[in-house]
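All remarks here apply to the structure that follows.
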């Protein structure tokens, strides 16, 4: 492990007495400095925490010079109280040395966990009202609780807007949280007087880029992916899988769940109210006056 002052001290020593340094030591200095420069290049910028890292960068991808000239950043936030939320993703593609055509499409592939869903009817209404283009390849049952539902993917198609050397877009999608299994409160929740809750974690999306008149995938063959061409979901196209920096490791939402310890109380009160209402209706029907119809 290198200390904080390791490379600097080696550099200072070489300046004072370069003739006394063995060639192997000099080679070791070059390796240390190269490793340090690489770590500095991969480290997040100031203000971005250690958990806020580059998405889409994997060791099995080879180096792609074309992507060196494209810097992509994503800002994710979630709004609204209760079980009905709005997920906002602001995406910025900055061009430094690479050039993109004017017309480009970005596909945002979201993987929704079992505790979260989108209403496809609502998405259809948003497509007509606001032009939000989405595709969900599987049927979504909005009535299922979390323990009966499965994770699924949603694809959002956005055209990138040009602003100088930037390509910008933002995606706002309504998402909803499912009911979870009741459970007893944990000792920490009891000590703090909190109701039981569950955490729904939405992982960060994958970003796919394509541009009209330019087959971007040929620049980085290892990062070529196949996905849906448009919101119809009838055909598939090749895209360039973009790495990006993001402000959060995942979007996490707290969902209130029922207290299992209150089960007998809830069942007793519900049974009493339903039974009382049923008896009242029966008595009211028996006491109802007879209606006589006079026939001339």
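What follows is calculated from the coordinates using simple rules that are stated; it is not laboratory data. Given the structure is predicted, the values throughout are model-derived calculations rather than measurements. Heads up, the Cβs are rebuilt from the backbone with ideal geometry, glycines too, and the neighbour counts pull from every protein chain shown.
So, in the range 185-215, how many residues would count as being surrounded by 13 or more Cβ atoms within 10 Å (Cβ to Cβ) and either touching a residue at least 60 places away in the same chain (Cβ under 8 Å) or part of a loop (DSSP other than H, G, I, E, B) (or both)? Talk me through it step by step, then tell me what you get.
Residues of the range 185-215 surrounded by 13 or more Cβ atoms within 10 Å (Cβ to Cβ): 185, 189, 196-198, 200, 202-211, 214.
Now narrow it down to the ones that are either touching a residue at least 60 places away in the same chain (Cβ under 8 Å) or part of a loop (DSSP other than H, G, I, E, B) (or both): 185, 196-198, 200, 202-211, 214.
The qualifying residues number 16.
Every condition in (1) buried (at least 17 other Cβ atoms within 10 Å of the Cβ); (2) part of a strand (DSSP E or B) is met by residue 179 except one, and the failing one is (2).
Identify, please: which residue in the range 220-236 is surrounded by 14 or more Cβ atoms within 10 Å (Cβ to Cβ) and within 22 Å of residue 64 (Cβ to Cβ) and is, among those, farthest from the chain's Cα centre (by Cα)? The extreme case among them is 220.
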